[in-house]
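Novice: For reference, the structure I am asking about is given below.
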């Protein structure tokens with residue numbers, strides 16, 4: 001439900017979200033707003049990562065609820081879009097939270113996560 005709400009907000013604001021950005025914003029939903037989604041985020045080289053979240057997104061794509069706009073280069077640049085016929089209702093504070101984060105560029109979110117949640121970045125520098 002929260003994933004669909006995030007994609008709804010991005011559709012309304014005409015924001016383009018990649019898998020990494022989706023992972024980051026849903027991670028922040030858990031950490032900042034305290035919404036427990038049991039997504040089991042783990043550290044990765046790109047930051048917080050949830051296989052459960054990726055699999056859920058994959059399932060929504062295969063069901064036709066979410067569309068993938070393929071990148072001409074790498075799949076990490078693929079954009080995920082909620083189809084127009086899908087409507088989602090969620091609390092206003094969550095929708096406002098999503099709006100706040102989708103209006104930031106990738107590097108702003110990345111920097112925030114690195115500073116606040118550095119342990120979720122699995123790099124040689126963070127392993128020391």
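Every read-out reported here was derived from the displayed coordinates using simple, explicitly stated rules and does not represent laboratory data. Here the structure is a predicted model, which means the values were calculated and not measured. For neighbour counting, all protein chains shown are included, and Cβ atoms are generated from backbone atoms with ideal geometry for every residue, glycine included.
Novice: Using Cα centres only, tell me the gap between region 60-83 and region 4-44 in whole Å.
Specialist: 15 Å
Novice: Shifting gears a bit: Given the peptides 56-69, 83-96, 18-31, arrange them by the average over their residues of other C-beta atoms within 10 Å, most packed first.
Specialist: 18-31, 56-69, 83-96
Novice: Kindly provide the helix-only [θ] at 222 nm of the chain, computed as the sum of -39,500 (n - 2.57) over DSSP H runs of four or more divided by all residues, to the nearest 500 deg cm²/dmol?
Specialist: -14500 deg cm²/dmol
Novice: Can I ask one more? Per the Kirkwood treatment, what hydrodynamic radius in Å, one decimal, follows for the chain from the mean inverse distance over all distinct Cα pairs?
Specialist: Taking every pair of different Cα atoms in the chain, averaging 1/r and inverting gives 15.0 Å.
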